[in-house]
Amino acid sequence: MTTIPSGVPTAPRTTAAAARTTDLTKVYGEGETRVVALDAVSVTFHQAQFTAIMGPSGSGKSTLMHCMAGLDTISGGSARIGDTELTGLKDKKLTQLRRDKIGFIFQAFNLLPTLTALENITLPMDIAGRKPDRAWLDRVVETVGLSGRLKHRPGQLSGGQQQRVAVARALASRPEIIFADEPTGNLDSRSGAEVLGFLRNSVRELGQTVVMVTHDPAAASYADRVVFLADGRIVDDMPDPTADLVLERMKGFDAKGRTN
Ligand SMILES: Nc1ncnc2c1ncn2[C@@H]1O[C@H](COP(=O)(O)OP(=O)(O)O)[C@@H](O)[C@H]1O
Ligand SMILES: [Mg+2]
């Protein structure tokens, strides 16, 4: 498979960009501890598309998600959510943008144990003083298959159900884009498949945009597209991935994370 230099656009399914980076660079530390975690990454995530990000450990996957979600500062280039450039936003505006336009799903579900599933789902909106759109909320809850579990507390739910609550929480405010960092990393394969199936449904049925980091080729096969990172650069971009194709591509990375 050929290597695509970063900056070369690939064919979009839709023209609208939910998020986009141009020459995004992130450097940690200085001198001997200096690490270029992202090296001029240019990538567009299209609306209503499910993208998986893969690459060896340390290739910059989490850094890319954090920079795009405004959870970390960037060293150079630009990152945009919709039409909004993240760099230069004042703290208050950035907080608002994160709250209104971005959903984040972490590997650890980060649910509050004393709240019910429904209370966990609506918590971010409650904090923001916003009323959930009831019809939308019902649809999200139904799509995640949690209708009969809304009064349960996290401790009364399976791992897969807990992660689905976290997914519903991210979806509830209808964010422009959801970033998920190894969302199935703590789940058994059946629960993982449940959550992945749901994420895919949210893209197909609700028009949600999802960008997900995973190291699992089977998980990546749920996506519409896989972007491969190595050494802080985009080295490949695969449409319509299958687990076998992804596995084959992963074999092309050597132990140091470089592409062969
Ligand atoms: N807070 C940090 N301080 C210093 N270096 C970091 C920090 N976060 C990540 N890195 C470095 O940046 C590189 C990319 O890390 P990361 O984005 O976490 O990779 P991945 O998620 O692909 O495993 C790694 O070399 C890592 O050690
Ligand atoms: Mg990571």
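We did not get these values from a lab; they are worked out from the coordinates using the rules stated. Nothing here was measured: the structure is a model prediction, and the numbers come from that model. Here the Cβ is made from the backbone with ideal geometry for all residues, glycine too, and neighbour counts use every protein chain on show.
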Check: Which trypsin sites (Lys or Arg not before Pro) in the range 90-195 pass both tests, a DSSP loop state and at most 16 other beta-carbon atoms within 10 Å?
Finding: Lys90, Arg130, Lys151
Margin query: Compute the angle between helix 189-206 and the longest alpha-carbon principal axis of the chain, please, reported from 0 to 90 degrees and rounded to the nearest 10.
Written below: 90 degrees
Item checked: Over the range 107-260 - Rg/Rh using Cα atoms and the Kirkwood inverse-distance radius -> 1.02
Check: Under 15 Å Cα-Cα from Lys131, which aspartates and glutamates qualify once same-chain neighbours fewer than 8 residues away are excluded?
Finding: Asp100, Glu119
Checklist line | Likely footprinting exposure, Glu194, Glu176, Glu142, fewest C-beta neighbours within 10 Å first | finding: Glu142, Glu176, Glu194
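Hey, any idea what Rg/Rh is for the range 98-154, computing Rh the Kirkwood way over Cα pairs?
On the way: Rg = 11.5 Å, Rh = 12.3 Å.
Ratio of gyration radius to Kirkwood radius for the range 98-154: 0.94.
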Item checked: Those GluC sites (Glu not before Pro) in the range 19-110 that DSSP places in a loop and that have at most 15 other beta carbons within 10 Å -> Glu30
Check: Please report, for the Cα atoms of the chain, the Rg to one decimal and the Dmax as a whole number; what are they, in angstrom?
Finding: 18.0, 55
Item checked: Residue-averaged [θ]222 nm for the chain, counting only DSSP H segments that reach four residues, each worth -39500 (n - 2.57) -> -10000 deg cm²/dmol
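When Ser202, Ser189 are ordered from fewest to most other Cβ atoms inside 10 Å of their Cβ, what list results?
Values: Ser202 24, Ser189 11.
Placing the least packed residue first, the sequence is Ser189, Ser202.
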